[in-house]
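Structure, as structure tokens:
The values are calculated or read from the model by the stated rules, or taken from the named source; none is laboratory data. The structure presented is a predicted model; accordingly, all values stated were derived computationally and were not measured. Positions of Cβ are generated from backbone atoms using ideal geometry, with glycine treated the same way; all protein chains shown enter the neighbour counts.
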Amino acid sequence: MPIFEYVCRECNHRFELLVQTSTNAACPQCQTTSLDKQFSAFGVGATGSWTPAGGSGACGSCGDPRGPGSCSRN
């Protein structure tokens with residue numbers, strides 16, 4: 001079940017909604033169904049610094065804390 005983000009056209013309330021096939025999206029504040037679906041930061045990719053998990057550390061290849069060129073991979 002996907003989670004969608006919406007902005008209400010009537011009261012400008014921002015909210016997320018877990019959507020099932022039978023779900024009728026409505027604003028939780030004013031109950032209108034006049035909504036604009038938003039792009040999710042998770043869905044389109046967030047900006048900022050990102051470090052890959054595992055295997056990448058101070059060395060850049062193996063994670064050797066002594067720094068670049070310290071291990072046998074370089």
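I'd like to verify a number: residues in the range 10-23 that are in contact with a strand residue (DSSP E or B) (Cβ under 6 Å, 6 or more places away or on another chain) and of a type outside the set (A, V, I, L, M, F, W, C), how many?
Residues in the range 10-23 being in contact with a strand residue (DSSP E or B) (Cβ under 6 Å, 6 or more places away or on another chain) and of a type outside the set (A, V, I, L, M, F, W, C): 2 in total.
Scanning for something modelled with pLDDT under 70 and among the hydroxyl-bearing types (Ser, Thr, Tyr), does the range 16-31 turn up at least one residue?
Taking the range 16-31 as the starting set, the residues that turn out to be modelled with pLDDT under 70 are none.
Within the range 16-31, none of the residues are modelled with pLDDT under 70 and among the hydroxyl-bearing types (Ser, Thr, Tyr).
Give the number of residues within the range 3-36 that are of a type in the set (A, V, I, L, M) and in contact (Cβ under 8 Å) with a residue 24 or more places away in the chain. Outline the logic, then answer.
Pass one, the range 3-36, residues of a type in the set (A, V, I, L, M): 3, 7, 17-19, 25-26, 35.
Filter once more, keeping what is in contact (Cβ under 8 Å) with a residue 24 or more places away in the chain: 3, 7, 35.
Residues that pass the stated criteria total 3.
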